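In what follows, a structure is listed as structure tokens, so that the remarks can point back to it.
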Amino acid sequence: YVLPGVEAGAEAFLMGLGVVQGDGTGLAAERVCTYQEAAAMAQRLILAVYDSQNAGSKGLLWKATNGDNTLYLLGTIHVDRSNIYPLHKSVRDAVLGAETVAFELNFNDAEEAAVFAAKQVYSDGSKLSDHISADLYARVSKAMTDMGMEEEDFCYYKPWALSNSFTVLSSLDDTSSSNAMAMDLYANSLADWAGIPVEGVETYEFQCNIFDTLSEEYQETYLDAALSLYEATLEGAEPDPEVAAAAELNEKMMAGMFSSWKDRDPDAFVKFYDKAAIVESDDELQSRLFTDRDPGMI
């Protein structure tokens with residue numbers, strides 16, 4: 001990389017970038033820095049280098065203005081992969097310059113999050129095995145125990161909750177971080193740490209009900225499909241050709257979505273994410289997720 005100013009020496013260069021800022025009385029260069037100071041300087045340096053190269057994930061970011069009012073709309077993908085961090089300066093500036101930042105959900109509302117967690121499990125004394133076939137339960141059990149979980153850890157979860165988990169797992173790859181910090185939470189943390197008010201457009205209960213009111217038959221089919229897709233991604237798996245094709249298509253879609261998202265290329269994005277096909281689908285869940293919510297989102 002060409003880094004203008006580096007020839008002036010490390011101290012001048014890092015001060016010019018704002019990486020080294022001192023303590024108000026000087027740089028205290030004779031003192032060994034703390035871990036916290038080292039982490040802060042490392043983060044500043046990484047962002048400064050990215051910004052100097054006009055680099056970072058640009059995201060699908062729209063800007064709307066009306067007089068003195070400005071609204072930014074950032075489209076997000078709810079999984080973590082393809083090394084999307086750090087976000088481009090234009091995205092960070094949009095968040096940090098906002099008076100309010102609104103997400104699908106208010107991630108900081110612990111009480112609402114507890115409602116979501118409670119709705120994912122049966123509260124009537126029944127278990128997952130009472131609601132799906134024995135064969136499907138055996139497959140779920142194998143997948144979960146292979147991940148190191150005990151039966152008591154998953155036996156009370158509803159099919160839709162496990163379906164969503166398997167869907168996410170089949171969308172990850174070896175670039176996904178260990179904490180799977182989706183870009184929504186990244187932006188939320190950015191706003192939160194800057195002291196910017198954060199709110200949610202929807203509630204956890206509303207989103208829960210999208211899935212929780214699905215028929216038992218649909219939930220079982222949904223779990224079967226999500227689990228099949230996940231099983232097809234496992235090393236050494238020999239899935240049914242139809243499932244293998246679906247897994248390959250899912251991987252191609254995810255890779256294409258992330259690549260075009262990082263480049264801020266909506267024309268390329270739509271080649272991998274066919275909204276029209278989703279809108280026209282007669283699938284019960286698709287309509288709930290992608291059309292029924294639109295009025296409330298708007």
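The values are calculated or read from the model by the stated rules, or taken from the named source; none is laboratory data. Bear in mind that the values here come from a model prediction, so they are computed numbers and not experimental data. When we count neighbours, we look across all protein chains shown, and the Cβ atoms used for this are built from the backbone with ideal geometry, even at glycine. To get the accessible areas, we keep the full protein, side chains included, count just its heavy atoms, and leave off ligands, DNA and RNA. Shrake-Rupley method; radii C 1.70, N 1.55, O 1.52, S 1.80 Å.
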Verdict on Lys89 being over 23 Å from Glu202 (Cα atoms), of a type in the set (Lys, Arg) and touching a helix residue (DSSP H, G or I) at 6+ places or on another chain (Cβ under 8 Å): yes
Residue that is surrounded by the fewest Cβ atoms within 10 Å (Cβ to Cβ) [pool: residues in the stretch 100-141 that are out of contact with any helix residue (DSSP H, G or I) (no Cβ under 8 Å at 6 or more places or on another chain) and in contact (Cβ under 8 Å) with a residue 24 or more places away in the chain]: Thr100
Which listed residue is closer than 28 Å to Arg81 by Cβ, of a type in the set (Ser, Thr, Tyr) and touching a strand residue (DSSP E or B) at 6+ places or on another chain (Cβ under 6 Å), from Tyr204, Tyr157, Tyr222, Tyr186: Tyr157
Residues being closer than 12 Å to Leu223 by Cα and open to solvent by less than 50 Å² (accessible area, probe 1.4 Å) - total across the stretch 151-179: 8
Candidate set: the stretch 57-99, residues that are among the β-branched types (Val, Ile, Thr) and over 27 Å from Ser178 (Cβ atoms); chosen: the one least open to solvent (accessible area, probe 1.4 Å): Thr70
Qualifying position, being under 17 Å from Phe116 (Cβ atoms) and surrounded by 12 or more Cβ atoms within 10 Å (Cβ to Cβ), among Ala246, Ala182: Ala182
Residue selected from the stretch 249-266 under the condition of a type in the set (D, E, K, R) and under 16 Å from Thr76 (Cα atoms), by the criterion most open to solvent (accessible area, probe 1.4 Å): Asp263
Some residue of the stretch 126-143 being in a strand (DSSP E or B) and touching a strand residue (DSSP E or B) at 6+ places or on another chain (Cβ under 7 Å): no
From the options Glu220, Glu231, residue that is open to solvent by less than 60 Å² (accessible area, probe 1.4 Å), of a type in the set (Asp, Glu) and in contact with a His (Cβ under 9 Å, 6 or more places away or on another chain): Glu220
Any hit, the stretch 15-24, residues being under 30 Å from Phe211 (Cα atoms), at pLDDT 90 or above and out of contact with any Gly (no Cβ under 6 Å at 6 or more places or on another chain): no
Candidate set: the stretch 188-217, residues that are surrounded by fewer than 17 Cβ atoms within 10 Å (Cβ to Cβ) and among the small types (Gly, Ala, Ser); chosen: the one farthest from Ser171 (Cα to Cα): Gly195
Selected residue (criterion: nearest to the chain's Cα centre (by Cα)) from residues of the stretch 242-291 that are in a loop (DSSP other than H, G, I, E, B) and without any contact (Cβ under 8 Å) to a residue 40 or more places away in the chain: Tyr273
Subset of the stretch 114-136 that is in contact with an Asp or Glu (Cβ under 9 Å, 6 or more places away or on another chain) and β-branched (Val, Ile, Thr) - its residue that is modelled with the highest pLDDT: Ile132
Residue in the stretch 10-30 that is within 29 Å of Leu169 (Cβ to Cβ) and open to solvent by 60 Å² or more (accessible area, probe 1.4 Å) present: no
